[in-house]
Amino acid sequence: MKKRIDVLIIGGGLAGLTSAIHLSKNGIKVTLIEKSSYPRHKVCGEYVSNEIIPYLDSLGAPPEKLYPKKIDKFLFSSSNGRTLTSDLPVGGFGVSRYALDSYLYSIAKENGCEIIKDTVLDVVFEKDNFSVNTEQNSILNAKIVIGAYGKRSNIDRKLAREFIKKKSPWLAVKAHYKGDFPEDLVALHNFKGGYCGVSKVENDNVNVCYLADYKTFKKYKNIKEYQENVLSKNRHLKKLFTDFELVFEKPLTISQIAFDKKKAVEHHILMTGDTAGLIHPLCGNGMAMAIRSAQICSDLIISYFNGTIPSRAVLEKKYASSWNLTFKSRLRTGRLLASLFRNEQLSKWIFNSLAIFPFLLPLIIKKTHGEPVTHTS
Ligand SMILES: Cc1cc2nc3c(=O)[nH]c(=O)nc-3n(C[C@H](O)[C@H](O)[C@H](O)COP(=O)(O)OP(=O)(O)OC[C@H]3O[C@@H](n4cnc5c(N)ncnc54)[C@H](O)[C@@H]3O)c2cc1C
């Protein structure tokens, strides 16, 4: 007899693992499929907004246990090295994805979630049920499927999602360094064709992660040359790359990062985290959005299983509208900021205006973040 799976989650990053914990805690049978093993480093700025602390605490997964760095200050530098500083309105913490994802993985397992290491190849919806095919030739059936497989995956191609048809001009590089950097600060340094986030994580390493446009990047032979010739034109980054010692054997890279609009529900799959939409990294809110979308999705799934939500159609409609209500304006602000900073003249003008009216900076940051949410089922 085939095993009963209520909810199958594709992808065990922050969104997938959070839903796995939330649903398992509420007695729902969850199977999660993740293609890589834990712990592992990920390309990410590793600054997490405080808005998700009350929710993670309520799931029995307090980030505090990882001894993250408490961050409440922000420094922004323009490509010519001028700086602006501000307090962060909500604040955040610095923790590596190496520690955070494997912490949530252990908690999901403790709560009875089944986690399989495999790669999902295809998802088919038929007769009100899903059938999910994997690389190791398993076919799993489930009532509900959550797509939490990140920015871009083979599954998007299978599902013929709109955004995957276009090439994206963005790539990202990340590495940990040893060096002198304040614990309570997240810095965002602008350079021609991109921006670089710098902050400390739990073990005193400094995480350096930048988004760069491929057109400029490909003019150089390798990362070192690119950093020396492009990023180092900003004196703050020059100092960092000269003084700091690389901890990783070599930096991690990813390409084809797309910020196009996506849908929160496709082919009846409830998409969470980056699979539903990716905010520009300069906002430092993608991880909080992944966790918050997992919360919204899980609460609705629980209502569906206990009969408060009467049908799949209502579940899908409610999820899509809650997702839009919670995230649409953050994403829009992120897109607007990114396009303004891409334009050299405009970005100079914004910088000068912020220098004259410094109170505007925390207001802009607030527009890309949410409020802390405590309640959960
Ligand atoms: C350069 C850069 C810097 C960033 N900096 C920050 C920051 O400072 N702060 C912040 O809050 N956010 C930041 N973000 C955003 C943040 O990294 C993401 O929003 C966050 O990782 C989303 O989590 P997720 O769970 O949706 O996806 P992920 O964490 O990417 O998890 C997806 C998982 O799915 C798995 N998977 C994929 N395909 C399959 C498959 N077919 N079968 C099985 N498993 C599969 C993957 O292995 C992965 O583990 C940054 C992003 C970038 C690109």
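Here, each number is a calculation from the coordinates, and none is a lab measurement. Worth saying up front: this structure is predicted, and the values here are computed from it rather than measured. So basically every Cβ, Gly included, is an ideal-geometry build from the backbone, and we count neighbours across all protein chains shown.
Just so you know, the averaged projected area of the alpha carbon convex hull for segment 1-136 sits at 11.4 nm².
Computed from Cα positions, the angle between helix 344-356 and the longest principal axis of the chain comes to roughly 80 degrees. Of the residues Pro63, Ser36, Ile52, the one whose Cα sits farthest toward the positive end of the charge dipole of segment 13-159, with +1 on the Cβ of Lys and Arg and -1 on the Cβ of Asp and Glu, is Ser36. Counting charges near Arg342 (Lys, Arg +1; Asp, Glu -1) among other residues having Cβ under 15 Å from its Cβ returns a value of +2.
With neighbour counts taken as other beta-carbon atoms within 10 Å, the residues Phe163, Phe181 rank, fewest first, as Phe163, Phe181. For segment 277-293, backbone phi angles converted through the Karplus equation (6.51, -1.76, 1.60; θ = phi - 60°) give residue-by-residue couplings of x, 10, 7, 4, x, 4, 7, x, 10, x, 5, 4, 5, 4, 5, 5, 5 Hz, Gly and Pro being listed as x. Look at where the Cα atoms of segment 259-277 and of segment 327-355 average out, and the two centres are 25 Å apart. Which of the listed residues, Thr308, Gly277, Met289, is farthest toward the dipole's positive end in segment 266-322, when Lys, Arg count +1 and Asp, Glu count -1 at the beta-carbon? It is Thr308. Dividing the Cα radius of gyration of segment 76-134 by its Kirkwood radius returns 1.27 for Rg/Rh.
All alpha carbon pair distances within segment 138-271 were sorted into 5 Å bins beginning at 0; the resulting P(r) in whole percents reads 2, 9, 17, 18, 13, 12, 11, 9, 6, 3, 1, 0.
Counting only the Cα atoms, segment 281-377 fills a convex hull of 96 Å³ per residue. Taking the Cα atoms of the chain, the ratio Rg/Rh between the radius of gyration and the Kirkwood radius comes to 0.97. Along the axis of the charge dipole computed for segment 65-175 (Cβ charges of +1 for Lys and Arg, -1 for Asp and Glu, origin at the Cα centre), the listed residues Ile139, Thr119, Ser168 are led at the positive end by Ser168.
Distances between every pair of Cα atoms in segment 147-200, grouped in 10 Å steps from 0 to the bin holding the largest one, split as 17, 32, 27, 20, 4 percent.
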